[in-house]
Amino acid sequence: MILLMTTAQYSKSPWGLSRKIPPIGLAFIAAALEREGFEVKIIDNYLLGEPLDAIKQTIKETSPKIVGITCSSVTYNECIETAKAVKETIPDCKVVAGGPHPTCMPDSILQHPEIDYVIIGEGEKAFTQLAFNLLRNEEENVRKIPGVAYRHKGRIIKNRHVPIENLDMIPSPAMQLLPMSRYERKIEFLDVEPVDIMNVVRGCPYHCTWCNIRGMFGQKCRAFSPKRIVQDISHLIDHYGTRGIYFIGDNFANDENLVRELCTLLKGAKLDIDWGCDARVDKISRDLLKLMKDAGCRFIWFGVESGSPLILEKIKREVTVKQAINAARLCKQEGIQTAYSFMLGIPGETMKDIEATFKLAKKLNPDWCQFNVFVAYPGCALYEEILREGLYEYMDGFLAYVKTEHFNYKFLLRIQGEYHRKFNNSVSRVFQRFAKKIRKKLER
């Protein structure tokens, strides 16, 4: 038995407690393991919130040979405590950690004796190869596996991650191992339910200084084929009643030919599915939006991050204010809802820059707008700058809460709250949302 786990939530996360959605990454790894004949179980403790005593009891009952734990910089302590619970219950069980934090800082994970191995980058291939060797008692072969880190003779060895080139070789996620009825399968931009999440593109060619996605998935964009994507959507519809899809990941629309082919296949399959996606403002056109809407696209989420050209240049976003305005205009003309996200508190930012962000948000006038207070985390270039220059008010584990000569974290929280109230809770927007709910009820 191989047990894959998420950890309990960290109640003091600076980004709040995210909605409870299926852990697709673990479901992909579980599917890869099942295909090779392994017995697999998933415990989504981010959803369940079970205390460690209950986790110990589950581990005792299932008696796994290997436990895999997903870990971010936010849930670092929860990961370590879960690993300790595993070892206290079954000392001989091998514990493997993976996810964003172990990928960016494997040494910080492997300093804990309770964790035996780290998966660097995507885990479908590396975890499967690791499992084969561990269950055959051939641990000496681990040193040959790309994307695995481990301790050896007092040193930490890190094998370079090699991205999976053909994503279609990965089996569809093992959603049958998850309690699908317990997840929040809905999103405010789609009028249908249930809605499921799909991440169909991995890797990123850009160099945004606040993001660590390149470290996790590499600098080359790789995507599942449109045919495979449609097959997976059909499976979700047939087995889980899915009526909406949210394609997460900024680079969804980077390959225009792929999006066009996907739209053509979606229409041809007559799946009657509504969907939305993330996209960059510089990767859409009127013709593409027409095709997307005709294939069921109802909303697009754009991450612009700032209304200041100076800050956009600093964070290497490689988009312009003009492109953001053009994307909003085109989507409105084609009847596609939009959401825009921005960051507040980038080092070097002044109040003038922050005010430029709010002015841009008002000019874009999207259906929803999100202002995030920037908190730096491992794996991004800004994190290194902030630690080096001491540009933080305090550290919470590995998270750096930014402070500069112009603002501190509490000030930014106040500005964030003010902007959200002014933008999303204005009388006109509250009325729009109310009217939308009424129309939705009348259409039923």
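The values are calculated or read from the model by the stated rules, or taken from the named source; none is laboratory data. Note that the coordinates shown come from a computational prediction; the quantities given were computed from them, not determined experimentally. Note that each Cβ is placed from the backbone with ideal geometry, even for glycine, and that neighbours are counted across all protein chains shown.
For every residue, the table says whether it meets (1) closer than 30 Å to L271 by Cβ; (2) surrounded by fewer than 14 Cβ atoms within 10 Å (Cβ to Cβ); (3) touching a residue at least 40 places away in the same chain (Cβ under 8 Å).
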{"site": "E139", "(1), (2), (3)": "no, no, no"}
{"site": "R143", "(1), (2), (3)": "no, yes, no"}
{"site": "S181", "(1), (2), (3)": "yes, yes, no"}
{"site": "V192", "(1), (2), (3)": "yes, no, yes"}
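Please enumerate the residues belonging to region 401-430 that are under 21 Å from Y10 (Cα atoms), among the hydroxyl-bearing types (S, T, Y) and part of a helix (DSSP H, G or I).
Quick first cut of region 401-430, residues under 21 Å from Y10 (Cα atoms) only: 401-402, 409-410, 413.
Add one more test, that the residue is among the hydroxyl-bearing types (S, T, Y), and what stays is 401, 409.
Listed by number, the list holds a single entry, Y409.
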- prompt: What do you reckon, is G154 at pLDDT below 95 and closer than 26 Å to V95 by Cα?
  reply: yes
query: If you go through region 375-400, how many residues are touching a residue at least 24 places away in the same chain (Cβ under 8 Å), touching a Leu at 6+ places or on another chain (Cβ under 9 Å) and either part of a strand (DSSP E or B) or assigned by TED's automatic domain parsing to the domain that holds E305 (or both)?
result: 3
Odd one out for Q219 among (1) more than 20 Å from D168 (Cα to Cα); (2) surrounded by fewer than 17 Cβ atoms within 10 Å (Cβ to Cβ); (3) out of contact with any helix residue (DSSP H, G or I) (no Cβ under 9 Å at 6 or more places or on another chain): (1)
field: Matching residues, region 290-339, being among the polar types (S, T, N, Q) and either over 16 Å from D274 (Cα atoms) or surrounded by fewer than 21 Cβ atoms within 10 Å (Cβ to Cβ) (or both)
entry: S306, S308, T320, Q323, N326, Q333, Q337
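Yes or no, residue by residue, for (1) exposed (fewer than 15 other Cβ atoms within 10 Å of the Cβ); (2) at pLDDT below 95:
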residue: D353; (1), (2): no, no
residue: A356; (1), (2): no, no
residue: L360; (1), (2): no, no
residue: K363; (1), (2): yes, no
residue: F374; (1), (2): no, no
residue: A381; (1), (2): no, yes
residue: E384; (1), (2): yes, yes
